[in-house]
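Engineer: Handing you this structure, nothing more for now.
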Amino acid sequence: MNHSKGELGGLLSFLTSESKVIKMQIEVKKKDIIEALKNVELKGKWASTGGLSSKSLGNYIHFQMQDNNLLLVNSDESTTVIKSVSVDADDEGSFVLEIDTVKKYLSKMNEDISLTVGDTVVMQSDGKRATMPIVVHHPFEGRINRFIERWPLNFDSDLEEVLKLGVIDVRCGVQVTGDEFHNAIDGCEILNNGIYKLDFHESDELSNPKFIISSSATVSAYREEMVIGNSVGESSTVIFSGPLHKFFNKDEIINIFIGDNQPIIMVTENSALIRAPRLGI
């Protein structure tokens, strides 16, 4: 069958438009997505076998549209974090981008940003336009998908019950402010070893409940008894490493759930974190 040039041009145009189907259209505020990216990047001092090093949780972010919220999710083999940002979009779906690329383009945009997701992600703001390649999948896609399946985790502002999450043996919960948590970890970081202990002491006949964050080295130590908003459960202790305070803003209320040598779960109104304990210390 013969086709004229006009017909061929129209056919090619049709095929091209079909191959670049728009999957999602998302409207978001610049300050909201920058803040969320900073949280899930978890950039700070991490302890390793070679000592303390400054790094991020990973190089990629998994974006998921769910119930008019854009979820930003990151993970490695020991930590998974999720942050929810309210956006103007009705679509459902997911995509993965490289963090540094997103940050560089975001810095050039104005306050109102549009993300068009198809074969690529196109970021637009007024007359500015940037195109970013989509990463095939996040290196820890399985962990991310399992966490998303449990989202949203219940945030109880009164903290009346211990959170249950799978087989994790959570024994207690304490409620602190982001500001208190930041200050305590900042104090512990003076020791420069990146390893922290969380101690919850339940109330008894002689004392009120106590929540202590500490760090110790051979001849040095720092401890801080934190102000507790609410608490529930029994005495527990866990050791962890990593700049988990970087995930939270100072004006947030955080419910922290621990059990003896169990993964730590931290939940706010619009975010959650799970971190494996540090064993053998």
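The values are calculated or read from the model by the stated rules, or taken from the named source; none is laboratory data. Keep in mind the model is a prediction, meaning the values are calculated, not measured. FYI the Cβ positions are ideal-geometry reconstructions off the backbone, even for glycines, and counts take in every protein chain you see. Heavy atoms of the whole protein, side chains included, go into the accessibility calculation; ligands, DNA and RNA do not. Shrake-Rupley method; radii C 1.70, N 1.55, O 1.52, S 1.80 Å.
Engineer: Checking the condition within 18 Å of residue 73 (Cα to Cα) and open to solvent by 80 Å² or more (accessible area, probe 1.4 Å), which residue from 149, 160 passes?
Structural biologist: Going through 149, 160 in turn, the sole match is 149.
Engineer: When you go through 208, 183, 230 one by one, which is the residue that is in contact with a Leu (Cβ under 7 Å, 6 or more places away or on another chain) and either farther than 21 Å from residue 77 by Cβ or of a type in the set (A, V, I, L, M, F, W, C) (or both)? Explain how you work it out, then say what you get.
Structural biologist: Working: 208 fails: in contact with a Leu (Cβ under 7 Å, 6 or more places away or on another chain); 183 fails: in contact with a Leu (Cβ under 7 Å, 6 or more places away or on another chain).
When all the criteria are applied, what remains is 230.
Engineer: Across the stretch 103-143, what is the number of residues that are under 28 Å from residue 77 (Cα atoms) and either without any contact (Cβ under 8 Å) to a residue 60 or more places away in the chain or of a type in the set (D, E, K, R) (or both)?
Structural biologist: Total satisfying the criteria: 12.
Engineer: Please give the number of the condition residue 56 fails out of (1) out of contact with any Gly (no Cβ under 6 Å at 6 or more places or on another chain); (2) surrounded by 13 or more Cβ atoms within 10 Å (Cβ to Cβ); (3) closer than 23 Å to residue 24 by Cα.
Structural biologist: Unmet for residue 56, out of (1) out of contact with any Gly (no Cβ under 6 Å at 6 or more places or on another chain); (2) surrounded by 13 or more Cβ atoms within 10 Å (Cβ to Cβ); (3) closer than 23 Å to residue 24 by Cα: (3).
Engineer: Which members of the stretch 73-109 meet the condition of being out of contact with any helix residue (DSSP H, G or I) (no Cβ under 7 Å at 6 or more places or on another chain) and among the polar types (S, T, N, Q)? Don't jump to the end; show me each part of the working.
Structural biologist: Our first condition is that a residue be out of contact with any helix residue (DSSP H, G or I) (no Cβ under 7 Å at 6 or more places or on another chain); within the stretch 73-109, this holds for 76-79, 84, 86-98, 100-101, 104-105, 107-108.
Of everything in the stretch 73-109, those that are out of contact with any helix residue (DSSP H, G or I) (no Cβ under 7 Å at 6 or more places or on another chain) and among the polar types (S, T, N, Q) turn out to be 78, 79, 84, 86, 94, 101, 107.
Engineer: Something else: Quick one: how many residues across the stretch 101-125 are assigned to a loop (DSSP other than H, G, I, E, B) and either touching a strand residue (DSSP E or B) at 6+ places or on another chain (Cβ under 7 Å) or farther than 16 Å from residue 37 by Cα (or both)?
Structural biologist: Matching residues across the stretch 101-125 total 6.
Engineer: Mind listing just one residue for me: the one in the stretch 1-37 that is in contact with a helix residue (DSSP H, G or I) (Cβ under 8 Å, 6 or more places away or on another chain) and modelled with pLDDT of 85 or more and, of those, surrounded by the most Cβ atoms within 10 Å (Cβ to Cβ)?
Structural biologist: Kept after step one, since they are in contact with a helix residue (DSSP H, G or I) (Cβ under 8 Å, 6 or more places away or on another chain), are these residues of the stretch 1-37: 3, 30, 33-34, 37.
Filter once more, so that each one left must be modelled with pLDDT of 85 or more: 30, 33-34, 37.
Details: 30: 15, 33: 24, 34: 16, 37: 19.
Filtering first and then ranking leaves 33.
Engineer: Could you please give the count of residues in the stretch 67-92 that are open to solvent by less than 40 Å² (accessible area, probe 1.4 Å) and at pLDDT below 95? Can you show your working first?
Structural biologist: Of the residues in the stretch 67-92, the ones open to solvent by less than 40 Å² (accessible area, probe 1.4 Å) are 70-76, 78-85, 87, 89.
Subset that is at pLDDT below 95: 87, 89.
Residues that pass the stated criteria total 2.
Engineer: Restricting attention to the stretch 93-139, which residues are under 30 Å from residue 168 (Cα atoms) and touching a His at 6+ places or on another chain (Cβ under 9 Å)?
Structural biologist: Matches in the stretch 93-139: 94, 95, 96, 137, 138.
Engineer: Quickly run through the stretch 259-281 and pick out the residues that are aliphatic (A, V, I, L, M), over 16 Å from residue 49 (Cα atoms) and not in a strand (DSSP E or B). Don't jump to the end; show me each part of the working.
Structural biologist: So the first thing to find is which residues in the stretch 259-281 are aliphatic (A, V, I, L, M), and the list is 264-267, 272-274, 276, 279, 281.
This time we only want the ones that are over 16 Å from residue 49 (Cα atoms), so: 264-267, 272-274, 276.
Selection gives 276 alone.
Engineer: Answer with yes or no whether residue 270 is open to solvent by 50 Å² or more (accessible area, probe 1.4 Å), modelled with pLDDT under 95, touching a strand residue (DSSP E or B) at 6+ places or on another chain (Cβ under 7 Å) and closer than 24 Å to residue 42 by Cα.
Structural biologist: Details: open to solvent by 50 Å² or more (accessible area, probe 1.4 Å): yes; modelled with pLDDT under 95: no; touching a strand residue (DSSP E or B) at 6+ places or on another chain (Cβ under 7 Å): yes; closer than 24 Å to residue 42 by Cα: yes.
No; evaluated as a whole, the condition is false for this residue.
Engineer: Can you find, within the stretch 229-247, the residue that is nearest to residue 189 (Cα to Cα) among those that are of a type in the set (S, T, N, Q) and open to solvent by 40 Å² or more (accessible area, probe 1.4 Å)? Step through it out loud before you land on a result.
Structural biologist: Here is the first cut: in the stretch 229-247, the residues of a type in the set (S, T, N, Q) are 230-231, 235-237, 241.
Checking which are open to solvent by 40 Å² or more (accessible area, probe 1.4 Å) leaves us with 230-231, 235, 237.
On the way: 230: 26, 231: 25, 235: 25, 237: 19 Å.
Filtering first and then ranking leaves 237.
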